[in-house]
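Throughout, read-outs are computed from the coordinates displayed, never taken from laboratory work. All values reported here derive from a predicted model rather than from experimental measurement. When we count neighbours, we look across all protein chains shown, and the Cβ atoms used for this are built from the backbone with ideal geometry, even at glycine.
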Amino acid sequence: MDKRTEALMAFLDAAHSVYHAADYLVNVLKDAGYTCLSEAGEWALQPGGKYYLTRGGTAVIAFRIPQQAPRGFLMSASHSDRPTFKVKENGELSGTYTRLATEKYGGMLMAPWLDRPLSIAGRVMVETEEGVRSRLVDIDRDLLLIPNVAIHMNRQANDGYKWNPAVDTLPLLGGKDAKGGLWTLLEETAGGKILGHDLYLYIRQKATIWGLKEEFISSAALDDLECAWGCVQGFLCAEDTDSIPVVCVFDSEEVGSSSVQGAASDLLESVLLRICRAKGLNMEQMRAGSFMVSADNAHAIHPNHPELADAANAPVLNGGVVVKFNANQRYTTDGLTASVFRKICEKAGVSAQTYCNRADIPGGSTLGNISLGHVSVPTVDIGLAQLAMHSCYETAGVEDIASLEKAMTAYYSCRLELTEQGFRI
Ligand code: ZN
């Protein structure tokens, strides 16, 4: 298997929750020689220095200080959260069986969650001798399952079914006598009394490569871990230029980005401001010389439902990186920023495709236009084509993995001179 695909699959299989995704990326950055900064500390940034910080245990931002005076920031933003079920504060329901009390996180396809082994991952706050500490937990075994109702008891099951998250999707945890057992298990795993938690369900099925020519990849959370990984890899592989490269992986995109670690927070703006202050740079001038790539997966044309795609702007799996357009700014791309990104793809030797919703289908939105409200720089919305977005097991194209990494490497390596009138690259 191609090394890039293998590395992405290792990330996908380890990132069982948004906390585990961030932890994995932090370790990748540490291994690449990046120094951890604290928002609460002083920042002494050296030319040639490589830095990262986290917020809320989930958002990760990394950047490098170039040797020469920078003209602006070359940034990317993606997200590490996914639609899933969150375990409620009092997480056990007793009765004939012991079930888990959950609620929906984000807008998911619900049916794929049924009849497959599930488990729980996230973080817990634990009482320790040094005070209350955040600990990652992952019950790494088949622990739960949401059983379907038999066809004999729901004859309309194949005629379209309205799932009720308060009834239909509560996972089965054990028999009547299992009550209390989950917290014992979690406290044993975490090593102390749990005072608070952020725990999510995840599917136990690993990422896989399939198709006649092994051209497809399926996994949980391809939206948007695939882009997060591609952006981080491009950032790490790039040559130094006359810009400050910044890679951001935010949390909370699936629920509107409004959290302290989401794209609607002051995180990115604050990081840019602190870089400018530490290096004696003018923030407004730096902003004017900056560019943003908002990277979040895109809908590929569906094999069984081509009619749902726009006939002239429908990407395919393995067709290259997708540039996303929307007249109402759900995607931020305009003629100028699309041209910049197409030139970058050309330099990288990678194909670029386009995506627009069918004009009568509203489609989704992403973090580009949200981060623009805080850091207003020319932005292009891109992504990789995928099927079954927001299913717990999504599908994308294997070749596209390398395309995104190459395009992001070329982006972070470019010397971009951008004006209102045009650009040079
Ligand atoms: Zn997404």
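Please turn the phi angles of the range 88-94 into ³J(HN,Hα) values with the Karplus equation 6.51 cos²θ - 1.76 cosθ + 1.60 (θ = phi - 60°), one per residue in order, whole Hz, x for glycine and proline.
6, 4, 9, x, 10, 10, 9
Between Trp163 and Thr128, what is the spin-label point distance in nm, taking each point 7 Å from the Cα along the Cα→C-beta axis?
3.6
Measuring from centroid to centroid over Cα atoms, what is the spacing of the range 205-258 and the range 10-84 in Å?
Between the Cα centres of the range 205-258 and the range 10-84 lies a distance of 13 Å.
Taking neighbour counts of Cβ atoms within 10 Å as a proxy for exposure, in what order, fewest first, do Thr54, Thr333, Thr419 appear?
Neighbour counts put them in this order, fewest first: Thr419, Thr54, Thr333.
Given 0.36 nm per residue, what is the gain on full extension from Lys30 to Val149 after removing their alpha carbon distance, in nm?
Length gained between Lys30 and Val149: 38.1 nm.
Can you sort Glu103, Glu130 from fewest to most other Cβ atoms within 10 Å of each residue's own Cβ?
Numbers: Glu103 11, Glu130 6.
With the fewest neighbours first, Glu103, Glu130 line up as Glu130, Glu103.
Is the shape of the range 1-122 rounded, prolate or oblate, going by the alpha carbon gyration tensor and its root eigenvalues a ≥ b ≥ c, with a/c under 1.5 for rounded and a/b larger than b/c for prolate?
On the way: a/c = 2.94, a/b = 2.10, b/c = 1.40.
Prolate, because a/c is 1.5 or more and a/b exceeds b/c.
Which of the peptides 17-27, 267-277 is most tightly packed, and how do the rest follow, going by the mean number of other Cβ atoms within 10 Å of each residue? Spell out each step's value before the answer.
Details: 17-27: 22.9, 267-277: 19.2.
By packing density, highest mean first, the sequence is 17-27, 267-277.
For the chain, rounded, prolate or oblate, judged on the Cα gyration tensor with a ≥ b ≥ c (square roots of eigenvalues), a/c < 1.5 rounded, else prolate if a/b > b/c?
Oblate is the answer for the chain, as a/c is 1.5 or above yet b/c matches or exceeds a/b.
Note the full-extension length gain between Glu239 and Lys213 as 0.36 nm times their separation in residues minus their Cα-Cα distance, in nm to one decimal.
Gain on extension, Glu239 to Lys213, equals 6.0 nm.
Percent relative contact order of the range 71-118, based on C-alpha pairs within less than 8 angstrom and at least six residues apart?
On the way: 37 pairs, mean separation 15.8, N = 48.
Computed value for the range 71-118: 33 percent relative contact order.
Provide the FRET efficiency to the nearest 0.05 for the Glu284-Arg141 pair, computing r from the beta carbons and using R0 = 45 Å. Walk me through the intermediate numbers first.
Values: r = 53 Å, r/R0 = 1.19.
Calculated value: 0.25.
Tell me the net charge near Glu187. Cut-off is 13 Å between Cβ atoms, Glu187 excluded, with +1 for each Lys or Arg and -1 for each Asp or Glu.
Neighbour charge sum, excluding Glu187 itself: 0.
For the chain, give the share of DSSP beta bridges that are antiparallel, in percent and rounded to the nearest 5; count only bridges with both residues there.
70
Any idea what the relative contact order of the chain is, in percent, if you count C-alpha pairs under 8 Å spaced at least 6 apart?
RCO, the chain: 21 percent.
For the pairs Lys104/Lys279; Lys30/Lys193; Lys86/Lys347, note any where the Cα-Cα span goes beyond 32 Å.
Lys104/Lys279; Lys86/Lys347
For Asp31, Asp360, what ranking results if the residue with the fewest other Cβ atoms within 10 Å of its Cβ goes first?
Listing Asp31, Asp360 from fewest to most nearby Cβ atoms yields Asp360, Asp31.
Rounded to the nearest 5, what % of the DSSP beta bridges within the range 304-409 are antiparallel ones?
Counting only bridges with both partners in the range 304-409, antiparallel ones make up about 60 percent.
Could you compute the FRET efficiency for Val316 and Arg204, with r as their C-beta to C-beta distance and R0 at 30 Å, rounded to 0.05?
Result of the calculation: an efficiency of 0.50.
Once you have a ≥ b ≥ c as the square roots of the Cα gyration tensor eigenvalues for the range 240-303, tell me rounded if a/c is under 1.5, and otherwise prolate or oblate according to whether a/b is larger than b/c.
It comes out oblate by the Cα gyration axes.
Counting only C-alpha contacts under 8 Å and six or more residues apart, can you give the relative contact order of the range 234-306 as a whole percent? Intermediate values should be presented prior to the final figure.
Working: 33 pairs, mean separation 9.0, N = 73.
Here the relative contact order equals 12 percent.
Which residues' amide hydrogens lie under 5 Å from the amide hydrogen of Thr128, considering only partners 5 or more residues apart or on another chain, with H built in the peptide plane?
Amide H to amide H, under 5 Å and 5 or more residues apart or across chains, Thr128 pairs with Arg133.
Please check which bits of the range 371-388 a label hung off Asn304 would reach, taking the label as a point 7 Å along Cα-to-C-beta and the cut-off as backbone N under 18 Å.
386-388
What aspartates and glutamates sit close enough to Lys324 to cross-link, taking a C-alpha to C-alpha distance under 14 Å and skipping anything fewer than 8 places away on the same chain?
Qualifying aspartates and glutamates at Cα under 14 Å: Asp296, Asp310, Asp334, Asp381.
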